[in-house]
Amino acid sequence: MAGNSQRRNRRTSNKKGAQVGSGGKRRRGLEGKGPTPPASERKGHKKNRVANAQARQAAARRPAPRRGGAKGTSEMVVGRNPVFEALRDGVPATTLYVQQYIDNDERVREALQLAGERGNINLMEAPRPELDRMTNGLNHQGLVLQVPPYEYAHPEDLTAAAYDNGEDPLIVALDGVTDPRNLGAIVRSVSAFGGHGVVVPERRAAGMTAGAWKSSAGTAARTPVSRVTNLTRALEGYQKAGITVVGLAADGEATIEDLEALGGPVVIVIGSEGKGLGRLVGETCDYLVRIPMPGGAESLNAGVAAGVVLYEAAKRRA
């Protein structure tokens, strides 16, 4: 009997005790999970797979920004009128050198006032021999403005900025344009028509000097310029990224109105007024197009030509 009692006690002790409560988990599980997400966000749905594929394609064609492009050289603007105009037009500057015991005429006073209003330009007084040495004997008239080196963008920065804004790149590349005023005017047109930057070669081409800054009418502060060692290779890099390269040429096979490619990602290449595009650059272009000129002129100034083509591109993107 004692043994039977022990066996019964063991069986009783092995029985499950009182069930522990769910802590409200079951009740919460019955609650709704909010509105049904759109099909493009539901894992496994066809639209979700399509959206993921499109995102991967966009990431593949969008180059990562590569900061730290080439730098220009510092520059000296000399003379009372040039210094005043540079300060008035917003040309970047670090130091204004003023000759000791200078004849304090109206232009000098205006230049000093503009420099003071900027707040970030150092004012330095120097003897005339020192200014003569700094300017290699140029007629500085007692005023010398130091312009810092221009920080050029990397070519891929221009496309990255466009894609980051959800836009197709619109870039202008210059081949053999040597006048800084033309470069500044083109930067101004690129800014006006929603472009994303300008590419220039290092050799035999204008750079972002004080003259180019002035011609840009301040737009150079927000429109990047990239300087490249080899323009042909830079254009080939854009082509590999899926961007069409269009060259302007007097003997182009089509006119700008006929070219649908201007409405998509495009680099517009403009040559010098006299020589046009170089041979290798012209052969690299996907299309060569011309601007119709019923008036009979043989060519247009590079800055004017850029404005005409950019206007046509902007119309297609509107």
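The values are calculated or read from the model by the stated rules, or taken from the named source; none is laboratory data. Not measured: the values here are computed from a predicted model. In this analysis, Cβ positions are derived from the backbone assuming ideal geometry, glycine residues included, and neighbour counts consider all displayed protein chains. Just so you know, the surface numbers come from the protein's heavy atoms only, side chains and all, with ligands and any DNA or RNA stripped out. Shrake-Rupley method; radii C 1.70, N 1.55, O 1.52, S 1.80 Å.
The table below gives the values:
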quantity	calculated
Pair list, Cβ < 6 Å and 6+ apart or interchain, from segment 275-290 residues that are under 15 Å from Leu231 (Cβ atoms) to residues that are part of a helix (DSSP H, G or I) and of a type in the set (Ser, Thr, Tyr)	Leu280/Thr232; Val281/Thr232; Thr284/Thr232
Hits in segment 93-107 - residues which are open to solvent by less than 40 Å² (accessible area, probe 1.4 Å) and within 20 Å of Met208 (Cα to Cα)	Ala93, Thr95, Leu96
Residues located in segment 214-240, provided they are open to solvent by less than 30 Å² (accessible area, probe 1.4 Å) and under 16 Å from the mean Cα position of the chain (by Cα)	Ser216, Gly218, Thr219, Ala220, Thr223, Val225, Ser226, Val228, Ala234, Leu235, Tyr238
Any chance Arg181 is at pLDDT below 95 and under 18 Å from Val304 (Cβ atoms)	yes
Test: residue in segment 264-272 that is open to solvent by 50 Å² or more (accessible area, probe 1.4 Å), over 18 Å from Glu156 (Cα atoms) and of a type in the set (A, V, I, L, M)	no
Number of the exception - Tyr163 against (1) among the hydroxyl-bearing types (Ser, Thr, Tyr); (2) under 24 Å from Leu114 (Cα atoms); (3) under 14 Å from the mean Cα position of the chain (by Cα)	(2)
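Condition check ((1) open to solvent by 80 Å² or more (accessible area, probe 1.4 Å); (2) closer than 26 Å to Cys285 by Cβ; (3) among the acidic types (Asp, Glu)) across all residues:
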{"residue": "Arg109", "(1), (2), (3)": "yes, no, no"}
{"residue": "Ile121", "(1), (2), (3)": "no, no, no"}
{"residue": "His140", "(1), (2), (3)": "no, no, no"}
{"residue": "Leu143", "(1), (2), (3)": "no, no, no"}
{"residue": "Arg181", "(1), (2), (3)": "yes, yes, no"}
